[in-house]
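Following: one structure in structure tokens, then a few remarks.
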Amino acid sequence: MADGTASLSLGGNAHDFPVRSGSVGPDVIDIRKLYAQTGAFTYDPGFTSTAACESAITYIDGDAGILLHRGYPIDQLAEKSTFMEVSYLLLNGELPTGEELAKFTYTISRHTMLHEQLATFLRGFRRDAHPMAVMCGIVGALSAFYHDSTDITDPKQRMIASHRLIAKMPTIAAMAYKYTIGQPFMYPQNNLTYTGNFLRMTFGVPAEPYEVNPVVEQAMRTIFILHADHEQNASTSTVRLAGSSGANPFACIAAGIACLWGPAHGGANEAALNMLREIGRPERIPEFIARAKDKDDPFRLMGFGHRVYKNYDPRAKVMQKIAEQVLKELGVNDPVFDVARELEHIALNDEYFIEKKLYPNVDFYSGVVLSAIGFPTSMFTALFALARTVGWVAQWNEMISDPEQKIGRPRQLYTGANQRDYVAVGER
Ligand code: ACO
């Protein structure tokens, strides 16, 4: 629906473009006809001002520090909902009835096992492989094992692939971990919750029963909810871009995992904890703050700053509470938590961070929690990938169902050589 017009004056000519309004948030100028009308492109590296799609899944108001999934605030979902319910919500648009939730939970639990051949495939990796390398490889390989859900034009197959991905991700992540430490793979146990089953597959052993600690289970559930989706972030946009060519869902999610691995994105929780450990004690904080502010030093405070949030990341607030609960429950007295709290306090009162609107993001405290639960830092991003899978598949499904969807094909500002004639090697 066109709600207005934006005028552009270029080369002495005026051009009008429709302005569209969403349900909430900034208007967008529809420039799809810009090139046809003016012969010019826009230039926007990093898509800082470009809406690449229409979406009804997640909304972020970065200035107000608000994150909504299908309209529901993240803090309400984190406090009151379950990961299965949030997954249903993201995929289907509405909260499920009791019956719908039971059916969905049952369906996901019936897809938790992996083709047994995949265990052999996984054993081909080196034992010291990073879990994200394993996740990327195994998820990409799923398309070689589940041919019956790769026809993206069939909504039913798309939903089966989505369920498979959500269900199998904990199994794959837990196997990647078990393989590193040389313990046997644990098969899923479907009478446990999604989170309880994952904890058992990760920390349980076949030799004895595993009891799920309810505080840890609750913390993991909340962490999964906090990471479930986050609008058009780098990895989600990667999934959409890969999917725009018609690639199968498993290949698209593998692409998302690859993008998430980077330290500016999903790898930040690992980097944040490493940084807190390096700082070690509160007395050293000023030294690191000074480095973060030094233009000649590439060092950044990991877990601080966000492309969209110019206020407190609402997920960071929930995460800080969880950190307190988990450390108390497990009796962990990790000085890293004191360093984190003190660093946050100092940074939030420092002119540099205030002026640039740099606040803790979700990754600032998540490493402290995951480490207390017993995960090695290398698993942190794998857990993020596990939780984000539902967001990826929801966004991918939305894109495929969108009649306006086109293959993603950005333009460029070319600054290379003009056309010139080839010179034979002996004449150069
Ligand atoms: N520490 C110190 N300075 C910072 C930080 C930081 N963590 N983040 C941004 N700045 C500064 C930049 O140097 C820049 O300063 P300048 O204007 O003087 O050049 C200014 O703040 C703006 O930063 P940009 O990098 O332009 O902002 P952008 O939106 O591109 O980057 C990003 C966002 C990548 C998240 C950045 O804040 C960062 O690198 N943070 C650390 C990594 C991190 O925690 N990533 C997790 C993101 S959350 C997630 O993926 C779930």
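Taking Cα centroids, how far is the range 302-360 from the range 14-65 in Å?
Cα centroid of the range 302-360 versus Cα centroid of the range 14-65: 32 Å apart.
Of 293, 168, 317, which is the most mobile in a GNM of the chain whose springs link Cα atoms less than 10 angstrom apart?
Per the Cα network of the chain with a 10 Å cutoff, 293 tops the list.
Note down the nm distance, to one decimal, between modelled labels 7 Å out along Cα→Cβ at residue 415 and at residue 321.
For residue 415 paired with residue 321, the spin-label model returns 4.7 nm.
Over the alpha-carbon set of the range 224-286, work out the extent along each principal axis and list the three values in angstrom, largest first.
53, 20, 17
How many percent of the accessible area of the chain is carbon or sulfur, using a 1.4 Å probe?
52
Taking only DSSP H segments of four or more residues, each worth -39500 (n - 2.57), what value at 222 nm results for the chain once the sum is divided by all its residues, to the nearest 500 deg cm²/dmol?
Calculated at 222 nm, the ellipticity per residue is -16000 deg cm²/dmol.
Could you tell me which GluC sites (Glu not before Pro) in the range 169-254 are loop residues by DSSP with no more than 11 other beta carbons within 10 angstrom of their beta carbon?
Sparse-neighbourhood loop GluC sites (Glu not before Pro): 211.
Ranked from the most accessible area to the least, with a 1.4 Å probe and all protein chains present, what is the order of 21, 245, 235?
245, 21, 235
Could you rank 294, 363, 27 by how accessible they are, 1.4 Å probe, largest area first?
27, 294, 363
Give me the 1.4 Å probe accessible area per residue for the range 296-428, excluding ligands and nucleic acids, in Å².
Result: 54 Å² per residue.
Got a sec to turn the phi values of the range 350-362 into Karplus ³J(HN,Hα) couplings, 6.51 cos²θ - 1.76 cosθ + 1.60 with θ = phi - 60°, whole Hz, x for Gly and Pro?
Karplus values, whole Hz, x for Gly and Pro: 9, 3, 4, 6, 5, 5, 8, 6, 9, 10, x, 9, 4.
Once the dipole of the range 26-179 is set up with Lys and Arg at +1 and Asp and Glu at -1 on Cβ about the Cα centre, which of 124, 29, 138 lies farthest towards its positive end?
Going by the Cα projections, it comes out as 124.
Within 10 Å of each candidate Cβ there may be at most 10 other Cβ atoms; applying that plus a DSSP loop requirement, which GluC sites (Glu not before Pro) in the range 310-412 survive?
404
Take the residue pairs 293/356; 293/357; 293/317; 317/357 and return only those whose Cα atoms are more than 18 Å apart.
Cα-Cα > 18 Å for 293/317; rest within.
Loop only per DSSP, at most 16 neighbouring Cβ atoms within 10 Å: give me the trypsin sites (Lys or Arg not before Pro) in the range 53-125, ordered by residue number.
Sites meeting the loop and neighbour criteria: 110, 123.
Keeping all protein chains in place, calculate the accessible area per residue for the range 1-41 (probe 1.4 angstrom), answer in Å².
Solvent-accessible surface per residue comes out at 73 Å².
How much solvent-accessible surface does residue 48 expose, in Å² to the nearest 10, with a 1.4 Å probe and all protein chains in place?
For residue 48, solvent-accessible area is about 90 Å².
Hey, quick one: spin label on residue 38, modelled 7 Å out along Cα-Cβ, who in the range 397-428 has an amide N within reach, i.e. under 17 Å?
Those under the cut-off are 411-414.
Heavy atoms of the protein only, probe of 1.4 Å, neighbouring chains included. What is the accessible area of residue 38 in Å², nearest 10?
It works out to around 40 Å².
Once you list every other residue whose beta carbon is under 12 Å from the beta carbon of residue 303, what net charge do they have if Lys and Arg are +1 and Asp and Glu are -1?
-2
The values are calculated or read from the model by the stated rules, or taken from the named source; none is laboratory data. All of these numbers come straight from a predicted model, not from anything done at the bench. Glycine gets a Cβ as well: all are built from the backbone with ideal geometry, and neighbour counts include every protein chain shown. The protein model used for the area step is the full one, side chains on, heavy atoms only, and it has no ligands, DNA or RNA in it. Shrake-Rupley method; radii C 1.70, N 1.55, O 1.52, S 1.80 Å.
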